[in-house]
1. Out of the residues in the range 121-141 that are open to solvent by less than 50 Å² (accessible area, probe 1.4 Å) and farther than 16 Å from residue 12 by Cβ, state the one that is farthest from the chain's Cα centre (by Cα).
2. Give all pairs with beta carbons closer than 8 Å in which a residue from the range 138-161 that is in a helix (DSSP H, G or I) meets a residue that is open to solvent by 80 Å² or more (accessible area, probe 1.4 Å) and at pLDDT 95 or above; count only pairs at least 6 apart in sequence or on separate chains.
3. For the range 33-54: of the residues being open to solvent by less than 40 Å² (accessible area, probe 1.4 Å) and at pLDDT below 95, which is nearest to residue 158 (Cα to Cα)?
4. What are the residues in the range 59-101 that are at pLDDT below 95, among the small types (Gly, Ala, Ser) and surrounded by 16 or more Cβ atoms within 10 Å (Cβ to Cβ), if any?
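The values are calculated or read from the model by the stated rules, or taken from the named source; none is laboratory data. In this text, all values refer to a predicted model and were calculated from it rather than measured experimentally. Note that we place each Cβ from the backbone using ideal geometry, even for glycine, and neighbour counts take in every protein chain shown. Keep in mind that these areas ignore ligands, DNA and RNA; they rest on the heavy atoms of the full protein, side chains included. Shrake-Rupley method; radii C 1.70, N 1.55, O 1.52, S 1.80 Å.
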Amino acid sequence: MKRILVAGIGNAWLRDDGFGGEVARRLEARDLPEGTVVLDFGTGGLDLAYEVMRGYDALVLVDVSRQGGEPGTLYVMEASEEEVEAGIEDGQVINPHAMDPQTVLRFVRTIGAWPGKVVVIACEPAQVEEMGLGLSDEVARAVDGAVDLVAKTVGELQADAAYATG
């Protein structure tokens, strides 16, 4: 049995940035494989980093990401440890209230707690610049598909083949 953390990320006060939290809430009603933990971290990046340090085989981050597609487009991206900058220079400050996924992964890599696999499931946002509650129509329509995609990804991450290199 693999231990998998599914982490919803984002600020619900910035419209579509609440996507990760909404997906996490809906996943709680799903029957996921044993060993799967689903948590909504909101903007608590340091909390996420500490949770990853508990030791997981895989981490699935759910967030918004501007990739240039139409709003509501879903993306699946894999983060490799080698691609994430490591190190925190002496005197460098990490703001625990502004830890984006890249900073969280950098912190996790620096302390040697990288999970075996990191997958990012993201949605192209329509509106994240202005304060407000509620997802845009395009992103709201993508939530059910994202829930299905996360569930499928978690199932795939239960197999040893998902961690093979090469």
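1. The residue in question is 124.
2. 138/70; 143/26; 144/26; 147/26; 149/76; 153/76
3. Among them, the one singled out is 52.
4. 65, 79
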